[in-house]
Amino acid sequence: MIERKYKYFTFVLMLTLVLGFTFEARGAYMGVILFLLVYCCNRLVKIPPFIMMCGITFILLNQILLLLNPSIIADEILSYRPTIWNYYIYEGLENFLFGGGPILTYVSEGAAAYYQSMIGRGVGTAYGTQSMYVLYFYESGIIGLFLLMFIMFIVFCSKSKYVIPFFSISVLAFMETIKIGAVSIYGLPFTYFLVLSLVTKSKQ
């Protein structure tokens, strides 16, 4: 059993590192570090589902505060992603309840133009939301975002052995720590661990 867990962990670790090299993703390495920290913490003191949900909510509230109170320091640390978040949230307010659906080309190109006008430089012609939660708000509205949070809470309460990896990805997903304009690597592992957490038996 221990050997099997070791092989599984090694596979996930190597896959994450390969994705990191392929997509130039700092988030891949941050994901490994975060997973190890949360996993070790959970082995010592079991993390209650309520605390996990409070952690995600706290991150989202701080994300909103960054938009309401722009900070030059925060922009530098987050590579000016709050500028892109602000653009998509402003666009999403037009369809606040149910969202505007999939991001169209002219919208992503508008994000690049807005980024360049605000920052004075750009690295691409079209930008995504740079945050999974901003993406859900734009495409599915506040109702879609609320449903996502509700499903996440169910996962945290499932006591599945996949909850910790899922929680780690959920934390990282608030800011896609990849090169701006690159393909996101968070959607697949987020969905993967979400489904595994819901369909597998609770850990003994």
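For the reader, a short list of remarks on this structure follows.
- The single condition from (1) farther than 19 Å from residue 176 by Cβ; (2) modelled with pLDDT under 80; (3) surrounded by 12 or more Cβ atoms within 10 Å (Cβ to Cβ) that residue 122 fails is (1).
- Among the candidates 70, 48, the residue that is closer than 18 Å to residue 156 by Cβ, more than 17 Å from the chain's Cα centre (by Cα) and at pLDDT below 85 is uniquely 48.
- Candidate set: region 133-147, residues that are buried (at least 20 other Cβ atoms within 10 Å of the Cβ) and not small (Gly, Ala, Ser); chosen: the one farthest from residue 50 (Cα to Cα): 138
- Listed by position, the helices (runs of 4 or more DSSP H) enclosed by region 47-131 that each have at least 1 residues that are touching a residue at least 12 places away in the same chain (Cβ under 8 Å) and not β-branched (Val, Ile, Thr) are 49-68, 81-92, 105-119.
- Which numbered condition residue 140 misses (of (1) in a loop (DSSP other than H, G, I, E, B); (2) within 26 Å of residue 169 (Cα to Cα); (3) among the polar types (S, T, N, Q)): (1)
- Looking only at region 168-185, and only at residues there that are touching a Gly at 6+ places or on another chain (Cβ under 9 Å) and at pLDDT 70 or above, the one that is surrounded by the fewest Cβ atoms within 10 Å (Cβ to Cβ): 171
The values are calculated or read from the model by the stated rules, or taken from the named source; none is laboratory data. Every value quoted in this text rests on a predicted model; they were computed, and no experiment measured them. Note that each Cβ is placed from the backbone with ideal geometry, even for glycine, and that neighbours are counted across all protein chains shown.
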